[in-house]
Amino acid sequence: MPEACTNHDETTLFRQSWTLYDALSEMNYMFHREVYEQVGRLLAERHEAGPWSMLDLGCGNARFLGPCLHRTPPASYTGVDLSPAALEEAGAAYLKGLGRVTLRCQDMLEAVEQDAENHDVIFSSYAVHHLGSAFKQRLFQACSRRLKAGGCFLLVDVAREEGQSREDYLEGYIGTMRSEWKRVPPAQLDEACAHVAAFDFPETLSTLTRMAAEAGLTKSRLIGRHAQHHVLVFEA
């Protein structure tokens, strides 16, 4: 079971936010199916190399990652998220039956900076863009320290075009949400758009690559792109 965290008001907020995100991901507006097909192939390659471990930052309920892990089970898995509701669902459903699973209710940057273990794969999906630039740089540095030799930071996230401002990115992304996310009820769509406008701070690919290189992760690969949504691998 995940460690307890947050007060009642914060728990309610995270439960509501997670419920909305989970519904949107199931509708595949953020290309979760295509993304996790690529993630699954990468993890299968890692699994063939021998026993491996994963730290998952912002794991949510692991709805999409869970099937990948069941096909190529790690020797150990640690999932970190701020939503107790999502962590409970992860342990009871999508990660059930895996061997060594640890779930922690914790801020992801704090978790990786304080982690005492090293990992073969550090993974994060649609979470890093919520951090400001300085905190992203800290995250890359912490991930670099916590990776085993030959390990990788596998990142799924949105990114801006080169030279595109955050304001222009938000205008385009929210415009797409308004015009194409037809299955989302209006009130939920308004909430999702407000969340993106307030909390999304995506970087360009060149900035992410530079941040990774400055942290010692000098090898970067773009595995796949689906509109603004990217699958990236960073290695030393």
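Answer yes or no: is there a residue in the range 122-130 that is outside any loop (DSSP other than H, G, I, E, B), touching a Phe, Trp or Tyr at 6+ places or on another chain (Cβ under 7 Å) and under 23 Å from ASN28 (Cβ atoms). Looking through the range 122-130, at least one residue is outside any loop (DSSP other than H, G, I, E, B), touching a Phe, Trp or Tyr at 6+ places or on another chain (Cβ under 7 Å) and under 23 Å from ASN28 (Cβ atoms). Among the residues of the range 41-65, which ones are farther than 13 Å from SER125 by Cα and either without any contact (Cβ under 8 Å) to a residue 60 or more places away in the chain or surrounded by fewer than 18 Cβ atoms within 10 Å (Cβ to Cβ) (or both)? Those that are farther than 13 Å from SER125 by Cα and either without any contact (Cβ under 8 Å) to a residue 60 or more places away in the chain or surrounded by fewer than 18 Cβ atoms within 10 Å (Cβ to Cβ) (or both): ARG41, ALA44, GLU45, HIS47, GLU48, ALA49, GLY50, PRO51. Return yes or no: is SER220 under 20 Å from ARG138 (Cα atoms), over 15 Å from the mean Cα position of the chain (by Cα) and not in a helix (DSSP H, G or I)? So SER220 fits the description; yes. Of all the residues in the range 132-172, those that are surrounded by fewer than 18 Cβ atoms within 10 Å (Cβ to Cβ) and outside any helix (DSSP H, G or I) number 9.
Coordinate-derived values only; no laboratory data. For clarity, every value in this text was computed on a predicted model and none was experimentally measured. Cβ atoms come from the backbone with ideal geometry, glycine included; neighbour counts cover every protein chain shown.
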